[in-house]
Amino acid sequence: MARYLKSGITEEVSASNDAKVRTTVEGILSDIKSRGDSAVRALSEQFDNWSPESFRLSESEIQACIDSLSNQERTDIEWAQKQVKNFAQIQKDALQDVEVETMPGVILGHKNIPMNSVGCYIPGGKYPLVASAHMSVLTAKVAGVKRVIACAPPFNGQPSPAVVAAMAMAGADEIYCVGGVQAVGAMALGTESIEPVDMIVGPGNAFVAEAKRQLFGRVGIDLFAGPTETLVIADEEGCDPELAAADLLGQAEHGYNSPAILLTNSVHFAEATIGEVQRQLTTLPTAEVAGKAWEDYGQVIVADSYEEMLAIADDIASEHVQVMTREPDYFLENMTNYGALFLGRETNVSYGDKCIGTNHTLPTKKAARYTGGLWVGKFIKTCTYQRVTPKASLIVGEYCSRLCALEGFSGHKEQADIRVRRYQKLEDEGQL
């Protein structure tokens, strides 16, 4: 039976926190719906101390951001975007339109149709998350979305040059410097100056994730991608405490409420990793945030076997799962609930977060039970169509008529019957 050497906050406390977030977001979205740009400006002033003449950046402002970067910074962004674009294109190529004759005269098919407009949220209040621009804007463009707009909050009192440059280099059609729920609400609901979009994508804090949840239905969303989660599955053969601690803290630094969990089959390894976490917190520049996240949300779980580790990992359904065990492929072959897997000590979540090519917008809060992460397919609607010959309509119509009668749908039945009558007459006259 698994033992918990360290536990995070209780479910009751977590539920209470979620309720407070939910109420706050409801009020903000209602305000944006009622007052549009005025509400967005007031909220931006309140939360970001930011109230420019226009939230939308001009071409000259965008170019100034790009020009302010060093050659190395631009090269690094280009390299990362090349990796993301390449993998997104490979994924898109796997999506094929189909058309097939399923029985004589019945042609069924589907088309993969890109969405018309998407709003991308790029977090950046605490850290300027340059990589989120690649993951959302660039992937949407590879999918073929016609209008891609992007919002990011100000950083240190101004638009983040690197984030703006990355959004522009990824192909954003409109760029706005506005953050938080006000950005998500403006893109989804529309204002006097921002035309609404069909879908909202991108990660964010608990408030941004809740805003997406409340707006779902009004617009599409990619998934619930809230505060970062990481699960490190490790044993003494595949990892060491120093490496495990670095990988736990590397994700805990995202925010005070970012869960970081160690799952192992060794009490000795678990205890050594706890000690190593405390040691690394004495030198980590972001220790104030990472330490708070570890204190309140960190967990250390010791299981008796790989099988038990697998069951626990699937129950946790973490956003990021690093597997550093003797047999990492065991988890690749058997694990079913995760946002993304990082197999072996040679890789880590930071690679996926920043540049390796897979998308870093991933499901949190157990959403990995029913969805994967953001990918090119999220921006594409797979829509079916059908085409039927008169003779086939006669055959299908007879079955459909009886099935409609079985359900009591008279109008549906007549849709079939009128065709049966017409095509039966043609057949009787030898015209089919």
Candidates G255, G298 - the one that is open to solvent by less than 20 Å² (accessible area, probe 1.4 Å) and modelled with pLDDT under 95: G255
Selected residue (criterion: farthest from P159 (Cα to Cα)) from residues of segment 171-196 that are acidic (D, E) and in contact with a strand residue (DSSP E or B) (Cβ under 8 Å, 6 or more places away or on another chain): E195
Single residue of segment 62-94 satisfying the filter (out of contact with any helix residue (DSSP H, G or I) (no Cβ under 6 Å at 6 or more places or on another chain) and within 30 Å of C383 (Cα to Cα)) that is most open to solvent (accessible area, probe 1.4 Å): K82
Residue satisfying all of: in segment 220-242; of a type in the set (D, E) and over 17 Å from V349 (Cα atoms); surrounded by the most Cβ atoms within 10 Å (Cβ to Cβ) among these: D222
Lone qualifier among V25, V13 - being surrounded by 17 or more Cβ atoms within 10 Å (Cβ to Cβ), of a type outside the set (K, R) and assigned to a helix (DSSP H, G or I): V25
Among (1) surrounded by fewer than 17 Cβ atoms within 10 Å (Cβ to Cβ); (2) more than 20 Å from S132 (Cα to Cα) - the single one P328 does not satisfy: (1)
Search result, residues across segment 189-198 that are within 11 Å of I149 (Cα to Cα) and crowded, with 21+ Cβ neighbours inside 10 Å: I194, V197
Any hit, segment 159-168, residues being in contact (Cβ under 8 Å) with a residue 60 or more places away in the chain and at positive phi: no
Failed item, numbered, when I380 is tested on (1) within 30 Å of W79 (Cα to Cα); (2) without any contact (Cβ under 8 Å) to a residue 60 or more places away in the chain; (3) out of contact with any Ser or Thr (no Cβ under 8 Å at 6 or more places or on another chain): (2)
Criterion: small (G, A, S) and over 23 Å from C151 (Cβ atoms) - qualifying residue of A290, A206: A290
Count of segment 417-432 residues which are surrounded by 14 or more Cβ atoms within 10 Å (Cβ to Cβ) and part of a loop (DSSP other than H, G, I, E, B): 1
Qualifying residue in segment 121-137 (condition: out of contact with any helix residue (DSSP H, G or I) (no Cβ under 9 Å at 6 or more places or on another chain), open to solvent by 10 Å² or more (accessible area, probe 1.4 Å), hydroxyl-bearing (S, T, Y) and part of a loop (DSSP other than H, G, I, E, B)): yes
Qualifying helices (runs of 4 or more DSSP H) (wholly inside segment 153-215; at least 2 residues being aliphatic (A, V, I, L, M), over 20 Å from G255 (Cα atoms) and touching a helix residue (DSSP H, G or I) at 6+ places or on another chain (Cβ under 8 Å)): 161-170, 180-189
So K20, is it in a helix (DSSP H, G or I), within 30 Å of Q299 (Cα to Cα), open to solvent by 90 Å² or more (accessible area, probe 1.4 Å) and among the basic types (K, R): yes
Subset of segment 350-377 [within 22 Å of D76 (Cα to Cα), among the small types (G, A, S) and either within 10 Å of the chain's Cα centre (by Cα) or open to solvent by 30 Å² or more (accessible area, probe 1.4 Å) (or both)]: S350
Check on A245, out of contact with any His (no Cβ under 8 Å at 6 or more places or on another chain), in a helix (DSSP H, G or I) and open to solvent by less than 20 Å² (accessible area, probe 1.4 Å): yes
Positions within segment 33-61 being under 23 Å from S160 (Cβ atoms), open to solvent by less than 20 Å² (accessible area, probe 1.4 Å) and part of a helix (DSSP H, G or I), in sequence order: V40, L43, S44
Test for T347: is it assigned to a loop (DSSP other than H, G, I, E, B), within 23 Å of the chain's Cα centre (by Cα) and under 19 Å from C239 (Cα atoms): yes
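The values are calculated or read from the model by the stated rules, or taken from the named source; none is laboratory data. For clarity, every value in this text was computed on a predicted model and none was experimentally measured. With ideal geometry, Cβ positions are generated from the backbone for all residues, glycine too; neighbour counts draw on all protein chains shown. These area figures cover heavy atoms from the full protein model, side chains too; ligands, DNA and RNA do not enter into them. Shrake-Rupley method; radii C 1.70, N 1.55, O 1.52, S 1.80 Å.
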